[in-house]
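What follows is calculated from the coordinates using simple rules that are stated; it is not laboratory data. All figures in this text were calculated on a predicted structure; none of them were measured in a lab. Positions of Cβ are backbone-derived with ideal geometry, glycine not excepted, and every protein chain shown enters the neighbour counts.
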Amino acid sequence: MKCLQAIQLLLAAAAPVRAAFSWQNVKIGGGGGFIPGIIFHPSAKGVAYARTDIGGLYRLSSDDSWTPVTDSLATNENWSTWGVDAVALDPADPNKVYAAVGMYTNSWDPNNGSIIRSSDQGATWASTRLPFKVGGNMPGRGLGERLAVDPKNPDILYFGARSGNGLWKSTDGGVTFTKVSSFTNAGTYIADPADTNGYNSDIMGLAFVTFDSTSELINGATSRIFVGTADNITASVYVSEDAGASWSAVPGQPAKYFPHKCRLQPAEKALYLTYSDGAGPFDGTSGGVYRYDLTNGTWKNITPVSGGDLYYGFGGLGLDMQKPGTLVVASLNSWWPDAQIFRSTDSGATWSPIWEWAGYPEMRMYYGITTPKAPWIDAGFISQDSKRLGWAIESLEIDPVDSDHWLYATGVTIFGGHDLTKWDTVHNVSIESLADGIEEFAVLGLASVPGGSELLAAVGDDNGFTFKTSDSLGTSPQAPWMTPTWATSTDVDYAGNKPGNVVRIGNSAGSPQVAVSSDGGASWSVHSGAGTAEYAGFVAYSADADTVLWSPGNSGVLRSRNQGTFTAVASLPSGAVIASDKRNNTVFYAGSGRNFYRSTDAGSTFTAVSGALGSATSVRDVVAHPVVAGEVLVSTNEGLFRSTNFGVSFTKINGLTETQHIAFGLGSSGWNIYALGVGAAGAKLYVSADTGASWTDIQGSQGFGTISSCRLVGSSNVAGQVYVGTNGRGVFYAKGTVSGQPGMTTTTSSSTSATSSTSSIKTTLATSSTSTKTTTSRWTTSTASTVWPAPTNTAESERWGQCGGIGWTGPTKCKSPWQCKPQNDWYHQCL
Ligand SMILES: *[C@@H]1O[C@H](CO)[C@@H](O)[C@H](O)[C@H]1NC(C)=O
Ligand SMILES: *[C@@H]1O[C@H](CO)[C@@H](O)[C@H](O)[C@H]1NC(C)=O
Ligand SMILES: *[C@@H]1O[C@H](CO)[C@@H](O)[C@H](O)[C@H]1NC(C)=O
Ligand SMILES: *[C@@H]1O[C@H](CO)[C@@H](O)[C@H](O)[C@H]1NC(C)=O
Ligand SMILES: *[C@@H]1O[C@H](CO)[C@@H](O)[C@H](O)[C@H]1NC(C)=O
Ligand SMILES: *[C@@H]1O[C@H](CO)[C@@H](O)[C@H](O)[C@H]1NC(C)=O
């Protein structure tokens, strides 16, 4: 990755004009989301891929790290290519890789699915649209693989579709597909027929395609093919003995539970299958493991546990191709006390577990587990919960050419190791989080604090993360946001005059969902004024950190002063987007529908500013300038509007329409404006260094998925650095120089072309030629500097306010009768 980027930078430097910024991930590390499948090439050492449900496909490298290979495909229009429902490798050519992509089969995804194909391990792709949708983030996405290449004929592929679309076949290496009309059972199972949004009411369809490479050839094609269906009441495993011409249910099969995996051990001439009574990935209370003997056609129940011990189904199934008869299986979801993994060295006749009770409640664990590549997983999950091994284990693989190398995927990471055969000797294996390079985070809120934390990222499922400085962006954090620990944080904001003070919002009912920090997001405490009914939504912190304005996802807008009880702000509509002036503690801004609102009484009351936004009908975002009082930008369906007088009046900024999230960011001679919106290059990320007089596409060929679900923030500390939070591919950042003259007058009259010749971009390697022209006085008060004046500290802190600690430059006295009490080395509070 690193080398590649350096080369891209050099190439870009040779052609400075319009060179794209070079994007890379902020390293949260460790994956972060559910990984439905890991697929090893059967014979080429080290060739493997991991598919994610919302963040695309990754390729394994020899150092155990992963490289994303489908980023460029996830354009605004084709965002759903980041849902990968199946992957197939060509046994005859390790450079070839195929994937079925598409995210939802219901209305959430407008596009039909595609089969994408690469002949260079994912460096470049071609694609074929299917005449139906593919559901990479639908129920049952851990079944599989549904896509397979004939091991004896690389032109032949089969794909098992969802939604009742049945089995499809390609005879030209995945370029075209036709329906296999002789395969008539398209699956009958529907998770919830009553689900009106379509997510659970679709036919789950086909589960897997498994070729029997030991069978005879018919016209150069493998004759025996097994296909699984998501059915739990009749047959769910079908076979063709004539290369797909005709199909029948395999006799003697269990005919209960859903088959999840079906793997061939050619040396044994046997199939192994795992079953769960749930279709996955998060359910199941029973199931089984079976062996099907291909020589005599007999099924054997080899389920490792029975009776009361069988309280989960089975998902992941890995065969040791070097040692026929050796295999591992995983519970799909054993929610308590932990997942279970079993290993057999005698074809499933006997099993040994990875842990067992040593006299309840003691557990004897035949493994060590560490996460040095992603410390936050240990801090936030393993050491917090009895579930150390994970959950949602749909994929458990033994490297086909290395019996010691194994990987399994969970709801949060990929675990694995390099000493699996020690299970059979000392019965103790070393498990490590091995998902380095996978960034599968759904980013819901971003902030970059002038003179404070460089990046705060609120995320789904893993709560959120603080990156104190730009230097820390490449290092997986020691811990996620904790105490309070939530699964999901939906927003984060900072107090402009007190850069150590930040606030975040959680996403679950039943406990207070507002937390504050006075050390820049290193440690947190629950906001004492938050109730337990409201959750989610947006938050804005007043400049002096005494007022929190909260627009929850499930109620009207609320406000709290000095950690007091949140009370309703009646003058704003529910769901309004909100912002605080970053310098003036009494000023807040909001937007909803066609209206812009302002408050000059610290968010107590808001007034709609009539005519502020012209004929715009939909406010998408409101952001205040990080260091300039009174400057605010509003993003709408008609583009951007800018005010420099606390929202009293606005000027339209031309060049972009349908803007989504927008941001200020420190530039080389003032502040840049970043916007996700529709400009000359389409729906992309643009920057302007001249207050919107000209806009330049800085997204280039980097995919961010659909721009409407991205979050955006410019660095408040590093000139030219900008962050894009995606819905499933983590946070990207890039740094570059944009020339332009901030503070240039913008008018509504002329139609400004989106990429003006006065604006050019240079990469970080190119020397900036931006001259230090005199700009308007407003800008000279905030020249490009990474050093910010300390907030005025003559005052006394209010109750609950900070009054000391390492790095604190604010007031050290408290208003009477409160006293300054050290909470820790970094935080002293008025109590
Ligand atoms: C979207 O994907 C289709 C099919 O793969 C492709 O033909 C098209 O060019 C893509 N469009 C964009 C904007 O990426
Ligand atoms: C998906 O494919 C079907 C069948 O060919 C077609 O009718 C439909 O228009 C396609 N949808 C899109 C969005 O292209
Ligand atoms: C099939 O699966 C569904 C969903 O899990 C369940 O409600 C139903 O009882 C199952 N049927 C049988 C016969 O197991
Ligand atoms: C089928 O073959 C397996 C060994 O491959 C053997 O254990 C089993 O007894 C055989 N079953 C029958 C019915 O012959
Ligand atoms: C296995 O090794 C780990 C250290 O890697 C140790 O913590 C654990 O106790 C060992 N398990 C047993 C049963 O000895
Ligand atoms: C802050 O805003 C209020 C209300 O608009 C205004 O009266 C006051 O002058 C502003 N203070 C500063 C320092 O700009």
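Give me, ordered by chain and number, the residues 5 or more places off residue 257 or on other chains with an amide H under 5 Å from its own placed amide H.
Result for residue 257 returns nothing.
Please report the relative contact order for the chain, taking Cα pairs under 8 Å with a sequence separation of at least 6, and give it as a percent rounded to a whole number. Kindly include the intermediate steps, with their values, before the conclusion.
Values: 2577 pairs, mean separation 79.4, N = 831.
Across the chain, relative contact order equals 10 percent.
Per residue, how big is the convex hull around the C-alpha atoms of region 613-690? Give it to me in cubic angstrom, could you?
Numbers: hull volume 6.4 nm³, N = 78.
In region 613-690, the Cα convex hull volume per residue is 82 Å³.
What is the fewest-to-most order of 96, 261, 133 by other Cβ atoms lying within 10 Å of their Cβ? Please report the intermediate quantities before stating the final value.
Values: 96 21, 261 30, 133 26.
Lowest to highest Cβ neighbour count: 96, 133, 261.
Among 433, 669, rank each residue by its count of other Cβ atoms within 10 Å, from fewest to most, as a rough exposure measure. It would help to have the intermediate numbers written out before the result.
On the way: 433 29, 669 24.
With the sparsest Cβ surroundings first, the list reads 669, 433.
Give me the log10 of I(q) over I(0) for region 32-187 at q = 0.11, 0.14 Å⁻¹, as the Debye formula computes it from C-alpha points; what are the numbers?
-0.37, -0.62
I'm a student and want to see the number: the projected area of the Cα convex hull of region 345-493, averaged over all directions, in nm². Don't jump to the answer; show the numbers that get you there.
On the way: hull surface 44.4 nm².
In nm², the orientation-averaged hull projection of region 345-493 is 11.1.
Working only with C-alpha atoms, what are the Rg and Dmax values of region 79-141, expressed in angstrom?
11.9, 38
Got a sec to turn the phi values of region 616-624 into Karplus ³J(HN,Hα) couplings, 6.51 cos²θ - 1.76 cosθ + 1.60 with θ = phi - 60°, whole Hz, x for Gly and Pro?
Coupling constants for region 616-624: 4, 10, 8, 7, 9, 7, 10, 10, 9 Hz.
What are the principal axis extents of the Cα atoms in region 11-115, in Å, biggest first?
45, 40, 29
Tally Lys and Arg at +1 and Asp and Glu at -1 over the other residues with C-beta under 12 Å from the C-beta of residue 116: what net charge comes out? Intermediate values should be presented prior to the final figure.
Details: positive: 51, 96, 117, 129; negative: 85.
That works out to +3.
Neighbour counts of other C-beta atoms within 10 Å: give me 145, 362, 268 arranged from fewest to most. Before the final figure, lay out the partial values.
Values: 145 26, 362 9, 268 18.
The most exposed by this proxy come first: 362, 268, 145.
Just to be sure I understand the curve: with the Debye formula and one point per C-alpha of region 443-787, what is log10 I(q)/I(0) at q = 0.13 Å⁻¹?
Here log10 of I(q) over I(0) equals -0.92.
Over region 592-731, consider all pairs of different Cα atoms and compute the Kirkwood hydrodynamic radius from their mean reciprocal separation; express it in Å, one decimal. Provide the component values of the computation, followed by the final result.
Numbers: mean 1/r = 0.0658 Å⁻¹.
Final number for the Kirkwood radius of region 592-731 is 15.2 Å.
Could you tell me the calculated FRET efficiency between residue 112 and residue 526, based on Cβ-Cβ distance and R0 = 56 angstrom, to the nearest 0.05? Don't skip to the answer; put the middle values down first.
Numbers: r = 46 Å, r/R0 = 0.83.
Using R0 = 56 Å, I get an efficiency of 0.75.
Can you flag which of 169/300; 468/815; 27/373; 45/323; 96/684 are past 21 Å Cα-Cα? Intermediate values should be presented prior to the final figure.
On the way: 169/300 31 Å; 468/815 30 Å; 27/373 10 Å; 45/323 16 Å; 96/684 31 Å.
Beyond 21 Å between Cα atoms: 169/300; 468/815; 96/684.
Quick one: Karplus J couplings for region 397-406, per residue in order, coefficients 6.51, -1.76, 1.60, θ = phi - 60°, nearest Hz, x for Gly and Pro?
10, 9, 3, x, 10, 8, 4, 8, 8, 9
Residue 569's amide H: which non-local residues (gap 5+, or another chain) put their own amide H closer than 5 Å, with H modeled 1.01 Å from N in plane and none for Pro or chain starts?
Distant-sequence amide H within range of residue 569: 557, 558, 559.
Work out the FRET efficiency for residue 648 and residue 796 from their Cβ-Cβ distance, taking R0 = 25 Å, and round it to the nearest 0.05.
Working: r = 32 Å, r/R0 = 1.28.
With R0 = 25 Å, the Cβ-Cβ based efficiency is 0.20.
Give the share of C-alpha pairs in each 20 angstrom bin for the chain, from 0 to the last occupied bin, in whole percents, shortest bins first.
Spelled out bin by bin, the chain gives 16, 45, 31, 9, 0 percent.
Distance from a point 7 Å along Cα→Cβ of residue 175 to each backbone N in region 130-159: keep the residues under 17 Å and list them by number.
130, 154-158
If you average the sequence gap of Cα pairs under 8 Å that are 6 or more apart and divide by the length of region 37-250, what percent do you get for the contact order? Could you put the intermediate results ahead of the total?
Details: 593 pairs, mean separation 28.1, N = 214.
Taking the mean separation of contacting Cα pairs over the length of region 37-250, I get 13 percent.
Taking H as built 1.01 Å from N, whose amide H comes closer than 5 Å to the amide H of residue 37, not counting residues under 5 places away?
Residues meeting the criterion, in which the H sits 1.01 Å from N, are 51.
Express the C-alpha Rg of region 410-480 as a ratio against the empirical globular expectation 2.2 N^0.38 Å, rounded to two decimals.
This ratio for region 410-480 stands at 1.51.
Please give the contour-minus-distance gain from residue 570 to residue 217: 0.36 nm per residue of separation, less the Cα-Cα distance, rounded to one decimal in nm.
Details: separation 353, 0.36 × 353 = 127.08 nm, distance 7.42 nm.
Taking 0.36 nm per residue and subtracting the Cα distance, the gain is 119.7 nm.
Spelling out what I want: for every residue of region 101-107, take phi, set θ = phi - 60°, compute 6.51 cos²θ - 1.76 cosθ + 1.60 (Karplus), and round to whole Hz; glycine and proline get x.
Whole-Hz 3J(HN,Hα) from phi for region 101-107: 10, x, 9, 9, 9, 9, 5.
Output the 0 to 90 degree angle, nearest 10, between the alpha-carbon long axis of helix 2-14 and the longest principal axis computed from the alpha carbons of the chain.
Long axis of 2-14 versus the principal axis of the chain: about 50 degrees.
Normalised by the number of residues in region 443-787, what is the relative contact order in percent for Cα pairs under 8 Å and 6+ residues apart? All intermediate terms of the calculation are to be shown ahead of the outcome.
Working: 1063 pairs, mean separation 38.8, N = 345.
Computed value for region 443-787: 11 percent relative contact order.
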